[in-house]
Amino acid sequence: MDQELLRYESINNTLSGDLEFKSEKLTFNNNQLDLIEGTIPSFIVNNLDELTKDMSNFYNEVKFPNYDDFDDYASLYDKGMSNLFTQRLDRELNYASKVLELGCGTGQLSLFLARGNRQVYGVDISNGSLLVGEKFRRDNKVSNAYFMKMDVFDLKFKQNTFDFTISNGVLHHTKDARKAFKHLVDVTKPGGLIAIGLYHKYGRFFTRVKQALAKIIGKNIFILDRTSLKIKSNDKRNAWVTDQFMNPHETLHTPSETMRWFEEEGVEFLNLIPHCDDIDIPIFKRRQKPSLSKINEILMMFNRKQIQEGGFFVIIGRKKK
Ligand SMILES: C[S@@+](CC[C@H](N)C(=O)[O-])C[C@H]1O[C@@H](n2cnc3c(N)ncnc32)[C@H](O)[C@@H]1O
């Protein structure tokens, strides 16, 4: 019997249906689940739509963000701690929290947050990326993280379940970022925290220029990209270059647009990075809503950090009780 699969029975109360492990098989509502390479349950029951299928295939090849060649749990932990955002998440999230990472890719953040006693669910539609994460999880004996194949538009979790829901760099690769956001809010507990990271409509201007160039010079575009040049591992650099400059689908958003989404879905605004950029104080502490004029947002085009990070912002809130 695969004890690793048996573990999934213990998350039954988080799922919206009945999960059972019988005769070496996992069933969900009495339907047998496919297992990716015998290890990761897939909750995809209907055919994926064309766009989601394209993204699934793309990230099957491009395993993002991927690990450095020498990574083990200690180095994963060190990296998590050396990044101010993930360090703050770890410091501020209760140890017993139930966490959903939607679009976990190769699972680094899920595994990092699994420290302590958090129960972490890493969900993605890419077999290739999930397998990389699951291998790392097994090799490093992390027993409280669960990788699953699920589509954000068909989540199999109970409503009002998670203490913290995070989706970093994902919603803009889906067919409808706004709708996907609603699905995330639905599964977050009232009073629970939610963070989404999206491409910035203006901050991504220079990346769009590089994308146009990449159509001519292909992956050699890395020569013109500082961030790529800093990445030592070939696999990691390849993942970054392909993800940033050759992605089949991305949409662009503004912080003021997402602040409206928050209002419409009953999510209280807490923080916006960049803009309320005082990362040294708690990230889940409520800030004053920045007043974002159009010109203010357009100026992000010339923000050095935005250019290096590919034009990205993270907005954080709390679902109202
Ligand atoms: C750019 S990667 C981000 C990975 C990770 N969150 C990070 O910050 O490095 C985007 C991920 O979103 C996943 N994704 C795209 N569409 C999805 C969907 N409809 N449901 C679930 N995951 C999806 C992709 O498979 C991919 O792994």
Might you let me know whether segment 133-142 holds any residue that is open to solvent by 10 Å² or more (accessible area, probe 1.4 Å) and either touching a Cys at 6+ places or on another chain (Cβ under 9 Å) or within 25 Å of residue 255 (Cα to Cα) (or both)?
-> no
Of all residues in segment 291-307 being over 15 Å from residue 198 (Cα atoms) and among the polar types (S, T, N, Q), the one that is nearest to the chain's Cα centre (by Cα) | 303
In segment 245-272, what residues are of a type in the set (A, V, I, L, M, F, W, C) and open to solvent by less than 30 Å² (accessible area, probe 1.4 Å)?
-> 245, 259, 261, 262, 267, 269, 270, 272
Which listed residue is within 23 Å of residue 160 (Cβ to Cβ) and out of contact with any Pro (no Cβ under 8 Å at 6 or more places or on another chain), from 101, 134, 92 | 101
Please state which of the following conditions residue 58 fails to meet, knowing it meets all the rest: (1) open to solvent by 40 Å² or more (accessible area, probe 1.4 Å); (2) within 13 Å of the ligand (Cβ to nearest atom).
-> (1)
Subset of segment 115-130 (residues that are within 12 Å of the ligand (Cβ to nearest atom) and among the aliphatic types (A, V, I, L, M)) = 123, 125, 130
Residue satisfying all of: in segment 215-239; within 16 Å of the ligand (Cβ to nearest atom) and in a helix (DSSP H, G or I); most open to solvent (accessible area, probe 1.4 Å) among these = 235
Please specify each residue of segment 156-197 satisfying the condition of being away from the ligand (no atom under 13 Å from the Cβ), open to solvent by 30 Å² or more (accessible area, probe 1.4 Å) and part of a loop (DSSP other than H, G, I, E, B).
-> 158, 159, 160
Taking residue 117, is it surrounded by fewer than 24 Cβ atoms within 10 Å (Cβ to Cβ), more than 20 Å from residue 285 (Cα to Cα) and of a type in the set (S, T, N, Q)?
-> yes
Yes or no: residue 242 in contact with an Asp or Glu (Cβ under 6 Å, 6 or more places away or on another chain), open to solvent by less than 30 Å² (accessible area, probe 1.4 Å) and in contact (Cβ under 8 Å) with a residue 40 or more places away in the chain?
-> no
Hits in segment 78-114 (condition: assigned to a loop (DSSP other than H, G, I, E, B), away from the ligand (no atom under 13 Å from the Cβ) and open to solvent by 50 Å² or more (accessible area, probe 1.4 Å)) = 94, 95, 96
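The values are calculated or read from the model by the stated rules, or taken from the named source; none is laboratory data. Since this is a predicted model, take the numbers as computed values, not measurements. Every residue, glycine as well, gets a Cβ built from its backbone with ideal geometry; the counts of neighbours run over all protein chains shown. In case anyone asks, the SASA skips ligands and DNA or RNA and just uses the protein heavy atoms, side chains included. Shrake-Rupley method; radii C 1.70, N 1.55, O 1.52, S 1.80 Å.
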